[in-house]
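Visitor: Have a look at the structure that comes next, please.
Derivation of every value follows stated rules applied to the coordinates shown; laboratory data play no part. Bear in mind that the values here come from a model prediction, so they are computed numbers and not experimental data. Every residue, glycine as well, gets a Cβ built from its backbone with ideal geometry; the counts of neighbours run over all protein chains shown.
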Amino acid sequence: MTSSSNTLFKKSGRVRHPEKAHRSQSEKSKRPKWLRVKLTNNSNLETTRQIVREHELHTVCEEAVCPNLSECWSKRHATFLIMGDICTRACSFCNVSTGRPLPLNHTEPERIAHAVYKLSLRHTVITSVDRDDLDDGGAQHFAKVIQAIRNQYHQVDSQQNAPTIEVLTPDFLRKDAALETLLAAEPEVFNHNLETVPGLYPSIRPGARYFHSLRLLQRAKEINPRVFTKSGLMLGLGETRVELLQVMDDLRSAGVDFLTMGQYLQPTLHHAPIKRFVPPEEFDSLKQVALAKGFLQVASSPFTRSSYHADEDFEKLRVARSAQSRAN
Ligand code: SF4
C-alpha cells in the first residue's frame, strides 16, 4: 500500500502553503511499485517525536513530507530545520510555507543542542528555511547552532563523543561574507542543493541562480579545503540525461565531493508536477556515471534525500577521502 509518512505526525490547524493555493492543480500521478513506502514503527520513532516536540523544534522530515520519516525517526535520526518554518522564497517543489518569517529565536541553538544530545546522534544534519530578510541570511545563527552542539558535549560529555555536523544551507544570495561566517564554525560537511538542472530554475527555483549556487559550493572548498562539500538533485522534474551529466561536470569542476540524487515527489497537486518516475536501474546507472566523473561518494535511488542515511554516508566519505589521499 502506498502511504504518506506525514500522516503519522500531521500538524493541525495551519494553512500549509497559501502562496501555492492559486496555482492550477496537476493530475495525480499513480506511484510505481518501487515508490511504495514501507512504514517502520518502533519505540524509537515515538521517542524521536517526543524529543522534537519537547524542544519545540521544526524538522525538514515533517515540513518536506519526507517519505523516509518513519524509517529515519525509528533510528532516532531527524534533520532539524532552523530559523522557523516560514521561508522567504517560493520554490515550486517545496512544501514549506512562504511569507514573512518571525524574528530569530535565540534559545534555538541550545534547544537543538539538547535534542541532538538526547537523540545520541553521531552525525547531525542542520538545515534552514531561506532568510533573505536577514542581513547575513542566517549564517551567524547556523554558526551558533554548531557551537551550541559542541558546547553541549564539552559540558556534559566528552568532546570525542560530539557528533559530526553537516549543514544544508540556503544559497546566501546577495549576502556577502555569510559563507565565511558559517564556515568559521567548522562544520564537517557543507551541503547546498542545486536541486535541478539550470534550464528548470525559472519554474522550479525562481528565486535562485544556478551559477551562484555552484559558485557557493566552489567557494566553500576554497575557504576551507578540509570541509566535505555535498549537493543534491531531484529527478523526474523534466530534466534530460544530457542536462544531468552537464550538472555533474559542473559540480566536479566546483570540487564537490558528494552527490545525492532522488525522485521528486509532489507534496500537493498545487506543486510542480512529476514529469517522470525514474526507475531504480536508471538511478544505478547515473550513480556509476557520477562515480566515474570523480565524486568521492554518490547516493542515488528513488528514496534518496540529502539527509537520508547521512551518518553512514559520512563514514563512507571519510574512508573514500583517506583512500584517495593514500593513492595520491
Ligand atoms: S531522509 Fe532526511 S528529511 Fe527525510 S526523514 Fe530522513 S532525515 Fe528526515
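Visitor: Hey, what's the per residue convex hull volume over the C-alpha atoms of the chain, in cubic angstrom? It would help to have the intermediate numbers written out before the result.
Guide: Values: hull volume 43.9 nm³, N = 328.
Cα-based convex hull of the chain, divided per residue, equals 134 Å³.
Visitor: Now for a separate question. Can you compute the helix-only [θ] at 222 nm over the chain? Use -39500 (n - 2.57) per DSSP H run of at least 4 residues, normalise by all residues, nearest 500 deg cm²/dmol.
Guide: Working: 11 runs with 120 residues, N = 328.
The helix-only estimate for the chain comes to -11000 deg cm²/dmol at 222 nm.
Visitor: Trypsin sites (Lys or Arg not before Pro) within segment 240-328: which are DSSP loop residues with at most 16 other Cβ atoms inside 10 Å? List each step's numbers first, then the result.
Guide: Values: sites: 241, 252, 275, 276, 287, 293, 305, 316, 318, 321, 326; in loops: 275, 276, 293, 305.
Answer in residue order: 275, 276, 293.
Visitor: Based on the alpha-carbon gyration tensor of segment 205-305 and its eigenvalue square roots a ≥ b ≥ c, which shape applies: rounded if a/c is under 1.5, prolate if not and a/b is larger than b/c, or oblate?
Guide: Details: a/c = 2.08, a/b = 1.39, b/c = 1.50.
It is oblate, given that a/c is not under 1.5 and a/b is not larger than b/c.
Visitor: State which entries of 75/316; 221/275; 38/118; 144/287 exceed 29 angstrom in Cα-Cα distance in the structure shown. Could you put the intermediate results ahead of the total?
Guide: Numbers: 75/316 19 Å; 221/275 34 Å; 38/118 26 Å; 144/287 35 Å.
With Cα atoms farther than 29 Å apart: 221/275; 144/287.
Visitor: About its Cα centre, how strong a charge dipole does the chain have in debye, to the nearest 20, once Lys and Arg get +1 and Asp and Glu get -1 at the Cβ? Write down the numbers at each step before the final one.
Guide: Details: 44 positive and 37 negative charges, 170 e Å.
Taking the Cα centre of the chain as origin, the dipole is about 820 debye.
Visitor: Give me the percent of DSSP beta bridges within the chain that run antiparallel, rounded to the nearest 5.
Guide: Details: 2 of 29 bridges.
Antiparallel bridges: around 5 percent, rounded to the nearest 5.
Visitor: So what's the gap between the Cα centers of segment 199-218 and segment 132-150, to the nearest angstrom?
Guide: Each part's Cα centre sits 22 Å from the other's.
Visitor: I'd like the distance separating the alpha-carbon centroids of segment 247-300 and segment 175-196, in whole Å.
Guide: The two parts, judged by their Cα centres, are 21 Å apart.
Visitor: Still on this structure, I have one more. Along segment 229-239, what does the Karplus equation 6.51 cos²θ - 1.76 cosθ + 1.60 (θ = phi - 60°) give for ³J(HN,Hα), rounded to whole Hz, x for Gly and Pro?
Guide: In residue order, the calculated couplings are 10, 8, 8, x, 10, 9, 10, x, 9, x, 6 Hz.
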